Amino acid sequence: MIELKKLSKIYDNGKTRVEAIKDIDLTIEDGDIFGIIGLSGAGKSTLIRCINFLEKPTSGQVVFDGVDLASISHKELLKKRQSMSMIFQNFNLLSQRTALDNICYPLEIAGMSKKEAREKARGLLKVVGLEDKEKSYPVQLSGGQQQRIAIARALATDPKVLLCDEATSALDPTTTASILNLLKTINREMGVTIIVITHEMRVIEQICNKVAVIDSSRIVEEGPVKEIFTAPKSHMAKQLILPKNEGVPEAEGFRCLRLVFDGTSAFEPIVSSLSRQCETNVNILGANTKNIDGVAYGQMLIQLPEDEATVERIKEFLDSKKVRYKEEGLNVE
């Protein structure tokens, strides 16, 4: 288990003072796939580097397996770091080493014999599905393959925790999905706790069971992914989860309702039921909805009819189904 207690990091060169993270309190349980999401500059990368003490916090505590990392010697800290491996956006493979030798590198540093290291590395190549690439150099591998080698290298020291700093942001959507599925398998079959730093909601949706939202150096919201996604409370969480114009345009030239789904059953045909019960055709102008564990969240923009009585019936229907809405478009401030 990892506990962050009032964790802060300040960069001060005498001329400028930057508070990168401030008073961070988080608990990450063994076996979690824990996402930390925020916009660029929010403090995500500083936070993950403070977790493994690549950056020493200015104040607060990082408690890993009951040990305050600030209270131990440098030698003990290096040993603890072997239990917290890291993968990066740009893979960071050694270009003059083959895939197999890249995986062997941390084992060599740990003092393992060459024979044992290569045997273990071949096993890890199998784990990431690249047994046939052991003699390939990074330049001969695709981005997704390079990241798989980086993951295998990170697993070489048998870590308890895998820290992923924007590990898929350089990859295309299909490759991203395959890497995230690999991480889920590693979490499930090897019991490795995974901490994911990202600015992409699709990453959180696909892989994480818990999420914390960071904004301006502070955690503004945290909890199970399903709870945060279906009922975001902070402004930043709403901005990240329900971006106003992602798939849902501004209402221009029409009188419209913007529907917000934050807990409605994904299997309930709201729009078709509305059309039947209110005896009106519904023109959907745009939508961005998702299904998480049978619950719909997202938003939809529908055009309203000119008849005021029908508009009132539509609103009454939505109220009965507990679907939130806001009127937009013509003559609406």
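Brief remarks follow.
- Accessible surface, per residue, of the chain when the full set of protein chains is kept, probe 1.4 Å, Å²: 49 Å²
- Where chymotrypsin sites (Phe, Trp or Tyr not before Pro) in DSSP loops with at most 16 other Cβ within 10 Å are excluded, longest remaining stretch of the chain: 1-253
- Selected from Val196, Val323, Val62 as most flexible by GNM, with the chain as the system and alpha-carbon contacts under 10 Å: Val323
- About the centre of its Cα atoms, the chain shows a dipole size close to 1440 debye [charges on the beta carbon of Lys, Arg (+1) and Asp, Glu (-1) only; nearest 20 debye].
- Residues considered: Lys135, Lys80, Lys290. Largest GNM mean-square fluctuation over the chain, using C-alpha springs under 10 Å, is found at Lys135.
- GluC sites (Glu not before Pro) within region 123-170, DSSP loop, no more than 12 other Cβ atoms inside 10 Å: none
- More than 30 angstrom apart: percent of Cα pairs within the chain: 47 percent
- Shape analysis of region 127-225 places it in the prolate category; the axes a ≥ b ≥ c from the Cα gyration tensor give an a/c of at least 1.5, with a/b above b/c.
- All aspartates and glutamates inside 20 Å of Lys75 as judged from Cα atoms, apart from same-chain residues fewer than 8 positions distant: Glu55, Asp65, Glu108, Asp158
- Positive-end residue, region 61-162 charge dipole about Cα centroid, Cβ charges, pick of Leu125, Met86, Val161: Leu125
- Helix 99-109 vs. the chain, principal-axis angle (Cα, 0 to 90°, nearest 10): 60 degrees
- Among Ser71, Ser83, Ser216: highest mean-square fluctuation, GNM of the chain, C-alpha pairs under 10 Å: Ser71
- The chain: angle of helix 308-320 to the longest principal axis, Cα-based, in degrees nearest 10: 40 degrees
- Compared with the dominant Cα axis of the chain, that is its longest principal axis, helix 173-190 is turned about 60°.
- With every protein chain in place, the chain: carbon and sulfur % of accessible area (1.4 Å): 47 percent
- Fraction of antiparallel bridges per DSSP, the chain only, in percent to nearest 5: 70 percent
- Alpha-carbon spread of region 24-152, three principal axes, descending order, Å: 45, 36, 27
- Sparse-neighbour loop sites [GluC sites (Glu not before Pro); region 8-108; at most 13 other C-beta within 10 Å; DSSP]: Glu29
The values are calculated or read from the model by the stated rules, or taken from the named source; none is laboratory data. It should be emphasised that the depicted structure is a prediction, and the values quoted were computed from it without experimental measurement. Please note: Cβ atoms are built from the backbone with ideal geometry, for glycine as well, and neighbour counts cover all protein chains shown. Calculation scope for accessible area: heavy atoms of the full protein, side chains included, ligands and nucleic acids excluded. Shrake-Rupley method; radii C 1.70, N 1.55, O 1.52, S 1.80 Å.
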